[in-house]
1. Give me a count of the residues in the range 10-47 that are modelled with pLDDT of 95 or more and surrounded by fewer than 10 Cβ atoms within 10 Å (Cβ to Cβ).
2. Please return the ranges of strands (runs of 3 or more DSSP E) entirely within the range 109-153 where 3 or more residues are in contact with a strand residue (DSSP E or B) (Cβ under 6 Å, 6 or more places away or on another chain), within 21 Å of residue 54 (Cβ to Cβ) and at pLDDT 95 or above.
3. Do you know which residues across the range 88-98 are surrounded by 14 or more Cβ atoms within 10 Å (Cβ to Cβ) and part of a loop (DSSP other than H, G, I, E, B)?
4. Which condition does residue 85 not pass, out of (1) part of a loop (DSSP other than H, G, I, E, B); (2) within 18 Å of the chain's Cα centre (by Cα); (3) modelled with pLDDT of 95 or more; (4) closer than 23 Å to residue 138 by Cβ, if it passes all the others?
């Protein structure tokens, strides 16, 4: 069988039409990375709460000038880490997706939430089980402390 030649223009057209998505299943491993840049997702907190989409890693919260506005963590999937920063200095409330059964630092109950002060620069939430998030917070000069356990006050 002879080899068939194709021209450069045809080769370019074929390359441009390649599907450029990589779908990885559970258990897939990526190694040899030097770093990963995570895309920030903006969320405007609201009185009734605004959910952070599943799969979101870094969130910029706009409290809309109301310390009582609520950002809601994604569905708890163990191993998930969500980082939050606020676009202003108002502060906001942080709630799990199901406050009666999914706790933040051990606090569960109807409408339970954790207050995030306006002086807090950065919050890290780690899902440790299907019913529990552990959250820590950092102020502007790097002091780390725990986020208050979710409560109804």
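1. The number of residues fulfilling the criteria is 1.
2. Working: elements: 114-117, 120-129, 132-139, 144-146.
Where strands (runs of 3 or more DSSP E) fall fully within the range 109-153 and carry at least 3 residues being in contact with a strand residue (DSSP E or B) (Cβ under 6 Å, 6 or more places away or on another chain), within 21 Å of residue 54 (Cβ to Cβ) and at pLDDT 95 or above, they are 120-129, 132-139.
3. Step one: list which residues in the range 88-98 are surrounded by 14 or more Cβ atoms within 10 Å (Cβ to Cβ), which gives 90-98.
Correct list: 90, 96, 97, 98.
4. So the condition that residue 85 fails would be (1).
The values are calculated or read from the model by the stated rules, or taken from the named source; none is laboratory data. Owing to the predicted nature of the structure, the values given are computational and were not obtained by experimental measurement. Heads up, the Cβs are rebuilt from the backbone with ideal geometry, glycines too, and the neighbour counts pull from every protein chain shown.
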